[in-house]
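Have a look at the structure below before the remarks.
The values are calculated or read from the model by the stated rules, or taken from the named source; none is laboratory data. What you are looking at is a predicted structure, and each value in this text was computed from that prediction instead of being measured. Please note: Cβ atoms are built from the backbone with ideal geometry, for glycine as well, and neighbour counts cover all protein chains shown. SASA here: full protein model, heavy atoms, side chains in, ligands and nucleic acids out. Shrake-Rupley method; radii C 1.70, N 1.55, O 1.52, S 1.80 Å.
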Amino acid sequence: MSRDSEPPQDPGTDPLRDPARLAALHATALLGSAPEESFDRLTRIAAEFLDAPLALVNLLDDQRQFAKSCFAPPGWPDDPNSPVEESYCRWTIVERQPVVIADARKDERVRDSVFLRDLNLVSYLGVPLILSNGHALGTLCVAGFEPREWTEREVRLLADLAASVTTEVELRLDVAERRQIARLKDEFVSIVAHELRTPLTSIRGSLGLLASGRLNGTPQAQRMLEIAAQNSDRLVRLINDMLDLDRLQSGRLELNPARVEVARLVEQSMHAVEGAATGVQVTLEARIDPGLDVWADPDRVVQVLVNLLSNAAKFSPPGAVVEVVAENRGEQALFQVRDRGRGIPADKLDAIFERFRQVDSSDARDKGGTGLGLAICRSIVQQHGGRVWVASEWGKGSTFFFTLPREPRPAGE
Ligand code: ADP
């Protein structure tokens, strides 16, 4: 079939392939779903009021057109899927307005379509289903087998019905979103329960052995006490981190910003990490633009730096150097914490900022972390109006970056 009459589409700007539109469409979970009375009622009304033999709610991804509801005469094909290039409805998404076709044989957009050739779809009126977030997901359309001049009143009527279809689609999105939140909550509870149980099991094991008296007077008894103490510390850290993150994410943690000298913050943070770094034979170094200051909550910035520095030290080989760099970038200060450790694989660069996400599932346990440090860093930096990210090459080290404002933010921002 010749596509000569169709205006060329640049795949980069083809609205049908817009990834954000497709994501919104998939989020409805309506593609491929079973017929539902709430949609069928609207196609029935459309067919009845516009006196058309055919009325459909079509949803379009980048490949296919899916009829979520189809009011059609007997003999109309059963399969609700058809290729999107053949679709009349696609033009409502491309043009983002009602598509009025009096005679498809004379309309260059659709005169080559199989719908005309095989199904004799001659007249067509379609209105795009545009969500309140601006994405056009599909079309409410009516069609017939004879040429037909559609009136303005008919276009208005179909547009009103299309608004009702859109409301139905948005209801699905609300339900899907609520389900997703409930799922994330369940997932979080099970992760937290697991994270708390691990150190508790260790403590219980050590205490059990001590209580049995079998280790009395042996060096293992001391070791068991150390294990119990270490795991109790881990539990306290975990709970403190969880409380911190909860306060940060719910906006209940007030920042106390002030003008602070970056050199002082870095010095304080390095001091806090020194013991742990020396323990793993890592040297800490700093390079800070002279006189650099930021408008930030000093305690929280130290918390971010301590987290990043202790991670950098933890994941560095013995003898390595970890470097903090802070530069004046005009309205912002740019911080970098660089290590020459094992690095982070490209597919984990974003994920590690999520709660309890690690490169390796043993990282938190083996390295004594809680898996919450970077999520806390991100919340603190974002609350200051800054950004945090990481660049890394697997096997060669990582650089964590974050920005902080140098001046107070104007009120209302
Ligand atoms: P944790 O308390 O486990 O360190 P974080 O949220 O601070 O939790 O870090 C999450 C995970 O990100 C770590 O468990 C580790 O897998 C990875 N990670 C963080 N910093 C580094 C680093 N400098 N080098 C390599 N991996 C890192």
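Structure above, values below:
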quantity: Diffusion constant of the chain at 4 °C, which comes from Stokes-Einstein with the Kirkwood Cα-pair radius and 1.567 mPa s, µm²/s; calculated: 49
quantity: Accessible area, probe 1.4 Å, largest first, for residues THR198, THR28; calculated: THR198, THR28
quantity: Those lysines that a straight Cα-Cα span of less than 30 Å connects to LYS185, excepting residues fewer than 8 apart in one chain; calculated: LYS348, LYS367
quantity: PHE39, PHE49, PHE356, PHE71, reordered so the largest accessible area comes first (probe 1.4 Å); calculated: PHE49, PHE71, PHE356, PHE39
quantity: Accessible area, probe 1.4 Å, largest first, for residues HIS135, HIS194; calculated: HIS194, HIS135
quantity: For peptides 292-302, 181-191, sequence by mean Cβ density within 10 Å, most packed first; calculated: 292-302, 181-191
quantity: Cα long-axis angle, helix 152-212 against the chain (0 to 90 degrees, to the nearest 10); calculated: 20
quantity: Local electrostatic count at ALA193 - Lys and Arg +1, Asp and Glu -1, tallied over other residues with Cβ under 12 Å; calculated: -2
quantity: Sorted peptide list for 385-395, 315-325, criterion being average Cβ within 10 angstrom, highest first; calculated: 315-325, 385-395
quantity: Area accessible to solvent at ARG156, 1.4 Å probe radius, in Å²; calculated: 150
quantity: Calculated log₁₀ intensity ratio I(q)/I(0) where the Debye formula runs over C-alpha points of the stretch 29-69, q = 0.25, 0.29, 0.35 Å⁻¹; calculated: -0.82, -0.96, -1.15
quantity: Cα pair distances exceeding 25 angstrom across the stretch 258-405, given as percent; calculated: 22
quantity: Degrees separating the helix 37-49 axis from the principal Cα axis of the chain, which is the longest one; calculated: 30
quantity: Antiparallel bridges, percent of DSSP beta bridges restricted to the chain (to nearest 5); calculated: 90
quantity: Angle between the chain longest axis and helix 262-279 axis [Cα atoms, degrees, rounded to 10]; calculated: 70
quantity: Over the chain: helical MRE at 222 nm, DSSP H runs n ≥ 4 each giving -39500 (n - 2.57), nearest 500; calculated: -14500 deg cm²/dmol
quantity: Relative pair counts by distance (%), Cα atoms of the stretch 11-177, 5 Å bins; calculated: 2, 9, 20, 25, 22, 15, 7, 2, 0
quantity: The stretch 193-249, relative contact order in percent, only Cα pairs under 8 angstrom and at least six apart counted; calculated: 42
quantity: For the stretch 237-286 and the stretch 188-214, distance of Cα centres in Å; calculated: 28
quantity: Per residue value of the accessible surface for the stretch 193-249 (all protein chains in place, 1.4 Å probe), Å²; calculated: 63
